[in-house]
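Data first, discussion second: the structure below is written as structure tokens.
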2 protein chains.
Amino acid sequence: MGIHRASISDLAAQLNLSVSTVSRALSNNSRISEATKQRVMELARQLHYQPNHLAAALRKGRSNTLGVVIPHIDGQFFALVVKGIETLANQAGFNVMFCQSNEKVEQERKNIEALLNAQVDGILVSISLSTHEFGHLEEVRRRGIPLVFFDRILDRPDTSAVVLDDYQGGYDAVCHLLEQGCKHIAHLGGPQHLNICKNRYQGYVDALGSYNHPLDPALVHFSDLSMQDGRDGMEILLRQAPNLDGVFACNDLALVGAMHTVKRQGLRIPQDIALAGFSNELFDSLTEPMLTSVDQRCEEMGRTAVQMLLEMISAGDQAVAPRHVVLQPTLLIRESSQRHG
Amino acid sequence: MGIHRASISDLAAQLNLSVSTVSRALSNNSRISEATKQRVMELARQLHYQPNHLAAALRKGRSNTLGVVIPHIDGQFFALVVKGIETLANQAGFNVMFCQSNEKVEQERKNIEALLNAQVDGILVSISLSTHEFGHLEEVRRRGIPLVFFDRILDRPDTSAVVLDDYQGGYDAVCHLLEQGCKHIAHLGGPQHLNICKNRYQGYVDALGSYNHPLDPALVHFSDLSMQDGRDGMEILLRQAPNLDGVFACNDLALVGAMHTVKRQGLRIPQDIALAGFSNELFDSLTEPMLTSVDQRCEEMGRTAVQMLLEMISAGDQAVAPRHVVLQPTLLIRESSQRHG
DNA sequence: TTAGTTTGTGCAAACGTTTGCACAAACTAT
DNA sequence: ATAGTTTGTGCAAACGTTTGCACAAACTAA
């Protein structure tokens, strides 16, 4: 029997039917008699017939494949988003192709091109740190391939996206610190051209405003938010403002770095300095003290993005209006910020 | 200009050439004159021509796509393996399709079928907890699609795989504990039908043997290795053997659970009980004390698996001999087990 | 009877490539 | 001048599906 895969025409030949009849029988077309359907199904089973998606995709102009581009998969966030994406896509009968840009816009461009060549039906993108403009995505638009951004987006009026309400997350975290009695709250911020970092920072600023606290530049430090950046940033902040008594970090990796510095200097958490971060990483509950953090609803973000993409795909030509879905974050209060109660 | 994508025949028409000539020009075939190539390339650029992989794949019987099935993507391990896979595959010009079985053999079967239908050129699998036999993979073999297992494998003589030397990792970890002066070392083990758990356990057994320590059943506890399993398991072990002074856990999640129990009972780490785990999770350096663990070379495992798969693919029909690659683990000694020095 | 409908099937084109073969034109060697 | 080779191009089939259209046979309604 060899390696040859049974095709529709093999079935047709053995059953003395035409390929079209077999094709219709397999897709349960109502014009085909029950008897014929039975015969076809039976033989298909016997011969281990498996449809060739490529051929069908070529003919139908639709591959039932989705493309995903993420900056990287380290850390929990993107892994969980991908999990959500894959789960829902699979349920809907779509395969998922997966690429990492490694935070390089050039690689991102190549990823997009590869996905387009593979004839994906839609694309999900979270942009890289080095992506500042839309250029390489024009081709996607030109071809009319549905595109949905998630988490890290390019803020254009004509695009669809699903994001977390990072502003609210930052606002909530900082309000919480203020309510715990913090008077001088510092911020470890990330690259400000990224929507997420900018919005979290803005939440910090506005929370201070709401409580009539001044915004002190000596209390703000920007970096790329690695753990080491957190350690270094915290040292700088403590030098600049020895009286600081709270920290809101743009992510948990930087926060854990800050925690190291705070401990090393013999300060107590949360009594001397209260800490809050962003992302609700797994390790937040494993450190001592456990870290307060804003949960990002990763899987839900992935699922929502797929849902939007599928809607756009099935809408086909009659373009659906671009839409921004904003997920509400949840502040998870843990030991690092809880001073009483 | 609409949504229509330029195809080879569009180029051909505009240049008064045949499709075959254009096709060859695009693939830089030596039978085509430089002049013609230039003309074709130029127009292709102007019209934003992008080849249709689907059509090429259909014709060539080769999709330049690899399929990956993993049990889940939570935690660091599989995420990093996937990173390694995607990186190398992309470099080699392959796209990657990605599926999760969620530890269900039934889902695994569906994943495999979807990948086969999508005509992937090769498949990488790490089996689910509930996979005990080869059945659903027969079809892969029947079709002659190259298959490589990684990490969690089905132990059959006729398959290729890349695994960690889990036995050695377990052996090294337990030897280390013995050298630190532990006399009664417990083991938190995982499902024994999984090669990785079985081998780590065997390493534990043999290390004890090497140091002429008896194997005490009261010191061994099996579970599914969640954090809670670790907590519960540790309580049971401490009841069964109050004199235990060391623990080797089959993964770090269970180990961190064990750590909680140990701390809660007021015992000191590592002085009273020394701890060692497996996987070198990110959080190992963030707990107090930091946890000793065996590093698994995740990305390298992914890259190696892809490399083997690509070799098999390019070998085509003349089947290459099944091969097992075994990566050597590294024991990372941290505070949780270091009693002196 | 006639005309019209329903039911089941087949023909053939199309999707966008790749590639074996053929062939004309232009050289090269005798 | 003849035969042989090289160079550049085109024809047409093939990959495995899907689908608009046609059509024969068997009903239904008058």
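For chain A, leaving out every one of the trypsin sites (Lys or Arg not before Pro) that falls in a DSSP loop and has at most 16 other Cβ atoms within 10 Å, the longest unbroken run is A:184-267. The local environment of A:PRO71, defined by Cβ-Cβ distances under 15 Å, has a net charge of -2 under the rule Lys, Arg +1 and Asp, Glu -1. Take A:HIS193, project a point 7 Å from its Cα along the Cβ direction, then tell me which residues of the stretch A:147-161 have their backbone nitrogen under 14 Å from it. Answer for the stretch A:147-161: A:153-155. Comparing B:SER160, B:SER30, B:SER285 in a Gaussian network model of chain B (Cα springs below 10 Å), the most mobile by mean-square fluctuation is B:SER30. Copy-to-copy label distances for A:GLN271, where each label lies 7 Å from Cα along Cα-to-Cβ, are 2.3 nm in order of increasing length. Once the C-beta distance of B:ASN117 and B:GLU288 is scaled by a Förster radius of 51 Å, the resulting FRET efficiency is 0.55 to the nearest 0.05.
Take each residue of peptide A:109-119, count the partner chain Cβ atoms within 10 Å of its Cβ, and average: the result is 4. Distances between copies of A:HIS340, taken at a point 7 Å out from Cα along the Cα→Cβ vector and listed shortest first: 5.0 nm.
Extending 7 Å from Cα along the Cβ direction at A:GLU103 and again at B:ARG45 yields two label points whose distance is 3.3 nm. Per atom type, the stretch B:8-51 shows carbon and sulfur on 47% of its accessible surface, probed at 1.4 Å.
Extension gain for A:ARG264-A:ALA6 works out to 86.1 nm (0.36 nm per residue, less the C-alpha to C-alpha distance).
Averaged per residue, the stretch B:8-51 has 63 square angstrom of accessible surface, using a 1.4 angstrom probe with ligands and nucleic acids left out. Loop-located chymotrypsin sites (Phe, Trp or Tyr not before Pro) in the stretch B:43-148 (DSSP state other than H, G, I, E, B) with a sparse environment of at most 16 neighbouring Cβ atoms within 10 Å: B:PHE134.
Sorted from nearest, the other copies put their B:ARG323 label points 5.1 nm away, the label point being 7 Å from Cα in the direction of Cβ. Would you mind classifying the protein assembly as shown by shape? Square roots of the alpha carbon gyration tensor eigenvalues, ordered a ≥ b ≥ c; an a/c under 1.5 is rounded, otherwise it is prolate if a/b is larger than b/c and oblate if not. Verdict is oblate for the protein assembly as shown. Sites listed here are GluC sites (Glu not before Pro) in the stretch A:114-178 whose DSSP assignment is loop and whose Cβ has at most 13 other Cβ atoms within 10 Å: A:GLU133. Evaluated at q = 0.18 Å⁻¹, a Debye calculation over the C-alpha positions of the stretch A:8-51 (equal weights, vacuum) places log10 I(q)/I(0) at -0.40. Once the convex hull of all Cα atoms in the stretch B:192-341 is built, its volume per residue stands at 139 Å³. For the stretch B:8-51, the dipole from Cβ point charges (+1 on Lys and Arg, -1 on Asp and Glu) about the Cα centre works out to 120 debye, to the nearest 20.
Kirkwood-type hydrodynamic radius, chain A: 22.7 Å, calculated from all non-identical alpha-carbon pairs. As a calculated quantity, the FRET efficiency between A:GLU139 and A:ALA55 at R0 = 25 Å, using C-beta atoms, amounts to about 0.45. Between the alpha-carbon centres of the stretch B:196-221 and the stretch B:1-63 there is a gap of 63 Å. Rounded to 0.05, the FRET efficiency of the A:GLN328 and A:GLU34 pair, given R0 = 41 Å and the Cβ-Cβ distance, is 0.20.
Per atom type, the stretch B:135-184 shows carbon and sulfur on 49% of its accessible surface, probed at 1.4 Å. When the chymotrypsin sites (Phe, Trp or Tyr not before Pro) in the stretch A:184-283 are filtered for DSSP coil states and for at most 16 other beta-carbon atoms within 10 Å of their beta-carbon, the remaining sites are A:TYR211. With all distinct Cα pairs included, what does the Kirkwood hydrodynamic radius of the stretch A:207-288 come out to in Å, to one decimal, could you say? Here the Kirkwood hydrodynamic radius works out to 12.9 Å.
Mean residue ellipticity, 222 nm, helices only, chain B: the sum of -39500 (n - 2.57) across DSSP H runs of n ≥ 4, divided by residue count and rounded to 500, is -13500 deg cm²/dmol. Between B and A, roughly 4800 Å² of accessible area is buried in total, ligands, DNA and RNA not counted and the probe set to 1.4 Å.
Comparing A:GLN265, A:PRO322, B:ILE333 along the charge dipole axis of the protein assembly as shown, the residue lying farthest to the positive side is A:PRO322, per the Cβ-charge model. Placing a label point 7 Å from the Cα of A:ARG339 along the Cα-to-Cβ direction, the residues of the stretch A:162-188 whose backbone N falls under 12 Å of that point are A:176-185. Per residue, the stretch B:74-182 exposes 30 Å² of solvent-accessible protein surface, assessed with a 1.4 angstrom probe and all protein chains in place.
Here the dipole of the protein assembly as shown is about 2320 debye; that uses its Cα centre as origin and unit charges on the Cβ of Lys and Arg (positive) and Asp and Glu (negative).
The values are calculated or read from the model by the stated rules, or taken from the named source; none is laboratory data. Model, not experiment: these values are computed from the prediction. Glycine gets a Cβ as well: all are built from the backbone with ideal geometry, and neighbour counts include every protein chain shown. Side chains are part of the model used for accessible areas, which takes the heavy atoms of the whole protein and leaves out ligands, DNA and RNA. Shrake-Rupley method; radii C 1.70, N 1.55, O 1.52, S 1.80 Å.
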